Amino acid sequence: MSSTVEQRTRQRWGHLDVHALAQPAALIFNPRAGHKLGLETNRTTAEDVQKALQGEHIPFEPWNTEYPGHATELARRAVAERRELVITAGGDGTVNEVARGLANSDAVLAIMPLGSIMNVARTLWIPRDPLLAARTLTDGKTLAMDLGRVGERHFLEAAGIGLDAGLFGYFDRLESTGRRIAFVRAVWRFLRQLGTPRLLIEHANGHLRARASLVSIANGPYVGAAYVIAPDARIDDGLLEVIIFRGTSVPRLLFHLALIAGGRSLPPPPEAQTLRVDWVRVRTVRHRPLPVHADGSPIGATPVEVRAAEAALRVVVGPPNQTGICAWEVVAPVGG
């Protein structure tokens with residue numbers, strides 16, 4: 001590693017002494033976390049989180065969310081109050097909202113997992129057990145991670161165009177309405193009509209044309225139901241991992257998504273093409289616009305431009321091991 005690259009890498013790392021905060025941490029928690037389609041998916045409660053933090057003598061003030069987008073507002077309030085630490089207790093949706101409020105600030109984000117999937121906690125090696133998560137927070141190792149950006153909206157996991165964006169949109173509707181028969185019919189119609197549209201993909205190093213029903217633009221390895229959509233994506237390189245599933249049929253893609261769900265790491269299909277760039281622009285050619293998502297939330301349709309936001313969010317990370325994906329360059333331990 002060159003001295004310049006090594007210096008930049010080390011500048012991303014820091015240490016936060018959670019026992020010497022100027023103000024108590026803001027604990028932003030979602031009381032509705034841990035439920036999917038009306039089913040309980042995480043038995044850990046906000047009370048468990050608070051007991052774990054108290055057990056590690058971490059000062060905090062609890063702020064509960066009351067409506068969609070409220071976590072972002074609370075995170076911005078924490079920044080305005082110059083809070084050094086913001087702890088989010090919720091699922092990936094709450095984590096993503098808080099991250100958008102903290103982007104490009106000096107505040108550090110820590111995660112106490114309360115949700116169903118917890119892609120960001122997986123990426124950052126934060127244990128699901130609240131006692132272990134609190135202990136990781138006490139260790140205080142922080143990383144300035146990259147984010148992705150669509151317009152003014154930041155994302156942590158991935159943006160997607162086509163197949164996954166459409167499916168995420170329909171699952172959102174199912175969760176809000178519960179109309180299963182209408183959901184199945186709508187998804188079937190979407191899959192039949194999707195095909196492999198012609199795309200023009202412009203990026204930092206040139207452009208290309210491809211037929212693809214899915215383009216994934218990943219900041220980290222996981223998205224959705226812990227799909228390992230980009231096993232080689234890094235959160236500390238200033239680049240996005242763009243995977244163009246060119247020439248891959250919809251049934252083949254659905255099979256691949258089933259294989260990589262739940263955190264199982266497999267390479268993309270051999271016909272897929274991967275780019276590592278700091279920006280990419282995608283539009284359809286003689287085809288209706290395709291849906292677009294960011295971190296599983298529908299955000300519009302093509303054309304779309306996605307950019308990397310380098311070192312835009314400071315986060316607490318845990319110690320990786322050999323059982324999963326490490327999405328950053330491991331450096332020497334940082335002392336307190």
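The values are calculated or read from the model by the stated rules, or taken from the named source; none is laboratory data. All figures in this text were calculated on a predicted structure; none of them were measured in a lab. All Cβ positions, even for glycine, are placed from backbone atoms using ideal geometry, and neighbour counts span all protein chains on display.
Tabulated data for the structure shown
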| quantity | calculated |
| --- | --- |
| Subset of region 187-203 (residues that are surrounded by fewer than 16 Cβ atoms within 10 Å (Cβ to Cβ) and either at pLDDT 90 or above or within 26 Å of the chain's Cα centre (by Cα) (or both)) | Arg198, Leu200 |
| Arg276 being touching a strand residue (DSSP E or B) at 6+ places or on another chain (Cβ under 9 Å) and surrounded by 15 or more Cβ atoms within 10 Å (Cβ to Cβ) | yes |
| Residues being surrounded by fewer than 24 Cβ atoms within 10 Å (Cβ to Cβ) and touching a helix residue (DSSP H, G or I) at 6+ places or on another chain (Cβ under 8 Å) - total across region 155-170 | 2 |
| Residues that are in contact (Cβ under 8 Å) with a residue 60 or more places away in the chain and of a type in the set (Asp, Glu), drawn from region 226-255 | Asp236, Asp237 |
| The one condition in (1) outside any helix (DSSP H, G or I); (2) over 21 Å from the mean Cα position of the chain (by Cα) that Pro251 fails to fulfil | (1) |
| Single residue of region 170-186 satisfying the filter (assigned to a helix (DSSP H, G or I) and modelled with pLDDT under 70) that is farthest from the chain's Cα centre (by Cα) | Thr177 |
| Residue identified as of a type outside the set (Ser, Thr, Tyr) and closer than 30 Å to Asp17 by Cβ among Glu329, Glu241 | Glu329 |
| Lone unmet requirement of (1) more than 21 Å from the chain's Cα centre (by Cα); (2) within 27 Å of Val95 (Cα to Cα) for Ile260 | (1) |
| Search result, residues across region 289-321 that are closer than 19 Å to Arg128 by Cβ and in a loop (DSSP other than H, G, I, E, B) | Val317, Gly318, Pro319, Pro320, Asn321 |
| Meets criteria (touching a Pro at 6+ places or on another chain (Cβ under 9 Å), more than 28 Å from Thr44 (Cβ to Cβ) and not hydroxyl-bearing (Ser, Thr, Tyr)) for Gly166 | yes |
| Residue among Thr65, Thr4, Thr72, Thr45 that alone is surrounded by 14 or more Cβ atoms within 10 Å (Cβ to Cβ), at pLDDT below 90 and outside the structural domain of Ile235 (by TED's automatic domain parsing) | Thr45 |
| Checking Leu21 against (1) modelled with pLDDT of 95 or more; (2) in contact with a Gly (Cβ under 8 Å, 6 or more places away or on another chain); (3) outside any strand (DSSP E or B), the condition it does not meet | (2) |
| Matching entry among Gly140, Gly101, Gly148 (being of a type in the set (Gly, Ala, Ser) and on the phi > 0 side of the Ramachandran plot) | Gly140 |
| Residue within region 205-225 that is among the basic types (Lys, Arg) and either touching a Gly at 6+ places or on another chain (Cβ under 9 Å) or modelled with pLDDT of 95 or more (or both) present | yes |
